[in-house]
Amino acid sequence: MSDQPATGAGTNPVPKGWKRSGPRFTDRIASSSTSAPGEGPDDEGRWPVEPGRYRLVASLACPWAHRSIIDRRLLGLEDAISLGIVDPIQDHRSWRFTLDPDGVDPVLGSHFLAEHYLARDPEDDGGVSVPALVDVPSRALVTNDYPQITLDLSTEWTEHHRDGAPDLYPQAWRDEIDDVAQKVFTDVNNGVYRAGFADGQLAYDAAYGNLFERLDWLTDRLEDRRYLVGDHITEADVRLFTTLVRFDAVYHGHFKCNRNKITEDRVLWAYARDLFQTPGFGDTVNFHHIKHHYYRVHSQLNPSGIVPDGPDESRWQTPHGREALGGSPFGDGTPPVAATDLASSHLAPLAQPVDGEPTAAAPPD
Ligand SMILES: N[C@@H](CCC(=O)N[C@@H](CS)C(=O)NCC(=O)O)C(=O)O
């Protein structure tokens, strides 16, 4: 599953313009690696699976990183792969560990994620993105290939999954998951960015048209089935959720995706709330980080830097009624039990509005 924009998506051809850069470091951590424990990648760029060796660096604001946070929690990989959370506000050196004491990541000992991109490639100047998996002993970035990262958490780390972990990428459903995820990526996950960063009216109109056509398609699909593919949560649901949960708070206004809100779509709103209320989803959503990132970093879209107070987050906890459709969230498995405070953590340094703070670099995505 490549997660690259397909051509001919939707019925509105998207003119050239804003384009996602794509991952540049595509090594994998894979059980098929022929490297011994402690060694680097084998000839195929595969690093050995080793609990405790790698650190996932993520932003709670970022929808692409959010996928890996959800999967890690659903699969119970917290003890195997540690998690570092960056400040949602980048500066000209990109993602920072300013939420940690003294601004230093306690495991990696670094101030900036960029240090690990440079440890991997001293010539690297191609941008720093999350999510990133870092090899703790060498401090080098292993991969920022976000679509592959989550698939590998599901399929390569099985030996370290918790008891009762769901199968997020079941063999029998992979073709369908890939197909749905590709459509969702092109028109929804990436579609909101195409609309928000469109460099002209035609590009915006096309992205907007494709986005809402695809949301209508999803509404039809989810009208009488609880999950996107099969009868329990899969990777396809994780990928759709991270965009839906940001939609009304950010994409509707900030990215001009405003035909309607998700709360105004009976089916998608119930579906999104069902997932939100499932352990592993809502408890990883940090609206504070999400809103502060988008509204303060994209100064070309929001020059004032004012962060909106709404929407009312309590609505996410209202009854959704989707149990009546059947299915069960974890299939034969069980929900994660370990608590997480990601939804409310790492707030202190952001709690004070900062007037005249340094202008953040405006990343392309
Ligand atoms: N850039 C990655 C996707 C991940 C991504 O866009 N992450 C954003 C945060 S939501 C980021 O780190 N952007 C900073 C940058 O690309 O410079 C890709 O297209 O492969």
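Some observations on this one:
- Qualifying residue in the range 41-63 (condition: out of contact with any helix residue (DSSP H, G or I) (no Cβ under 6 Å at 6 or more places or on another chain), within 13 Å of the ligand (Cβ to nearest atom), at negative phi and modelled with pLDDT of 95 or more): yes
- Considering residues of the range 268-289 that are over 23 Å from Leu77 (Cβ atoms) and of a type in the set (A, V, I, L, M, F, W, C) only, the residue farthest from the chain's Cα centre (by Cα): Ala270
- Residue check, Asp248 free of Cβ contacts under 8 Å to residues at least 40 places away in the same chain, under 21 Å from His66 (Cβ atoms) and in contact with a helix residue (DSSP H, G or I) (Cβ under 7 Å, 6 or more places away or on another chain): no
- Extreme residue, farthest from the ligand (Cβ to nearest atom), among residues of the range 19-40 that are under 24 Å from Glu159 (Cβ atoms) and hydrophobic (A, V, I, L, M, F, W, C): Ala36
- Annotation: His298 fulfils all but one of (1) within 16 Å of the ligand (Cβ to nearest atom); (2) free of Cβ contacts under 8 Å to residues at least 40 places away in the same chain; (3) not aromatic (Phe, Trp, Tyr); the unmet one is (2).
- Qualifying residue in the range 189-199 (condition: over 21 Å from Ala272 (Cβ atoms), in the same structural domain as Ala80 (by TED's automatic domain parsing), crowded, with 21+ Cβ neighbours inside 10 Å and not aromatic (Phe, Trp, Tyr)): no
- Some residue of the range 46-56 being among the β-branched types (Val, Ile, Thr), farther than 26 Å from Asn189 by Cβ, part of a loop (DSSP other than H, G, I, E, B) and without any contact (Cβ under 8 Å) to a residue 60 or more places away in the chain: no
- Matching option when the condition is free of Cβ contacts under 8 Å to residues at least 40 places away in the same chain and either among the acidic types (Asp, Glu) or assigned by TED's automatic domain parsing to the domain that holds Thr340 (or both), among Asp71, Asp91, Asp102, Asp87: Asp102
- Subset tally (residues that are closer than 30 Å to Asp224 by Cβ and touching a residue at least 40 places away in the same chain (Cβ under 8 Å)) for the range 301-318: 5
- Exclusive hit being in contact with a helix residue (DSSP H, G or I) (Cβ under 6 Å, 6 or more places away or on another chain) and within 16 Å of the ligand (Cβ to nearest atom), set Leu151, Leu141, Leu118, Leu168: Leu141
The values are calculated or read from the model by the stated rules, or taken from the named source; none is laboratory data. Keep in mind that what you see is a predicted model, and the values were worked out from it rather than measured. Note that each Cβ is placed from the backbone with ideal geometry, even for glycine, and that neighbours are counted across all protein chains shown.
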